[in-house]
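Shown next, in C-alpha cells, is the structure this report addresses.
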Amino acid sequence: MIQVKPKSHEEQILQELGLLTSKPTLFIGNLDEDQARRYYAEKKKDKHIEAVENYAKNNNAEVVFVCAKVEAELYEMSKEDKNELLQSLGMEESSLSGFALMIFFFF
C-alpha cells in the first residue's frame, strides 16, 4: 500500500473532496465461538487475531472482532438468554454494539 503524506493545505482540499481513498479503514474479523470466548473472556489472542491487529496497526486502521454465529443467535434470543450467553463469553454487550459505536465515532 502506497501512502502519500499531503501538506497541510493539500489536506484541507482533499478533505473537502470526500474521496473514498481518504476515508479511515476499518477491518472486521469474524471469530468462531472458541476464539470469541478466549478473546473476550480470557483476553487471549491467537496468531490470527494478532496478525489482523498488526496489519491494521501497520496500515493506520482500526479492527473490530465479532462472532457472526453468536450475533445471529443473540438476535433470536430473549433478553435473559442474551445476557446469559454474553456472560458465558465474557462479554458485556453484543460486539455489534461496539462495532456501531466505533463506526459512529471513527467515521
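The values are calculated or read from the model by the stated rules, or taken from the named source; none is laboratory data. Quick caveat: nothing in here was measured; it's all calculated off a predicted structure. Heads up, the Cβs are rebuilt from the backbone with ideal geometry, glycines too, and the neighbour counts pull from every protein chain shown.
Can you find, within region 88-107, the residue that is surrounded by the fewest Cβ atoms within 10 Å (Cβ to Cβ) among those that are touching a residue at least 60 places away in the same chain (Cβ under 8 Å) and over 22 Å from Lys44 (Cα atoms)? The qualifying residue surrounded by the fewest Cβ atoms within 10 Å (Cβ to Cβ) is Phe107. Figure legend. Inter-residue proximity from region 5-32: first residues closer than 23 Å to Met102 by Cα, second residues of a type in the set (Lys, Arg) and modelled with pLDDT of 75 or more, beta-carbon distance below 8 Å, spacing 6+ or different chains. Indicated pairs: Asp32/Lys69.
Restricting to region 42-87, what's the tally of residues that are of a type in the set (S, T, N, Q), farther than 18 Å from Met102 by Cβ and surrounded by fewer than 11 Cβ atoms within 10 Å (Cβ to Cβ)?
Here is the first cut: in region 42-87, the ones of a type in the set (S, T, N, Q) are 54, 58-60, 78, 83, 87.
Narrowing the set further to residues that are farther than 18 Å from Met102 by Cβ leaves 54, 58, 78, 83, 87.
Restricting the remaining residues to those that are surrounded by fewer than 11 Cβ atoms within 10 Å (Cβ to Cβ) gives 58, 78.
Number of matching residues: 2.
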